[in-house]
Structures are given as structure tokens and as C-alpha cells.
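Notes for the one structure printed next.
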Amino acid sequence: MVWRLSPCAMRITSVASGYWAEQCAAAGLISIHFVSVIGDPMVAPFRGKDSRFGTNPLCVVFPRAGPSAAAAGLRHQRHRLW
């Protein structure tokens, strides 16, 4: 489906499931994903005991030419340890 997005300046679409964020980033596209969840999942706040917050999954993807700074730092750190 990602190949259909390339000629568009902006596109709104609905999908059931999948790893669309990674596919969009690999294709060089910027994407924003809002995800609905089944049921009523609630989570506890930091150091909380009771579930008070609802989950609202959100994923924002910006393509990058090379590895992220975090990945490059880990690679450099591993190289120093060996």
C-alpha cells in the first residue's frame, strides 16, 4: 500500500493492522498514525496504584538518511568496549 502514497501530497487512509510506520519511513515518507484500541485499556500514572489514564497510541514518523543518533552512539560505545 505504501507505493500508492508516494504521488500524493497528503493522504488519509484507514488500515486494520500492520507495521505501516516502518514501511512509510523506508519509502521516505512522513506519516502520522492514530491508533484505536479494542476495549477500554487504562494505565496507572507514574508511581500510581490505580488505573487513571486511557491509552492513546500515536506514532509520528520522519524518514532519516542514516542511523539515529542513539543507534550511532550505541554502536560507538560497543566498539569502545571491545
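The table that follows gives values for the structure above.
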{"quantity": "So Ala71, is it loosely packed, with under 10 Cβ neighbours inside 10 Å and modelled with pLDDT under 80", "calculated": "no"}
{"quantity": "In segment 22-68, the residues that are under 21 Å from Ile12 (Cβ atoms) and part of a strand (DSSP E or B)", "calculated": "Ser31, Ile32, His33, Phe34, Leu58, Cys59, Val60, Val61"}
{"quantity": "Residue in segment 9-19 that is at pLDDT 75 or above and under 18 Å from the mean Cα position of the chain (by Cα) present", "calculated": "yes"}
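The values are calculated or read from the model by the stated rules, or taken from the named source; none is laboratory data. Please read all numbers here as calculations on a predicted model, not as lab measurements. For neighbour counting, all protein chains shown are included, and Cβ atoms are generated from backbone atoms with ideal geometry for every residue, glycine included.
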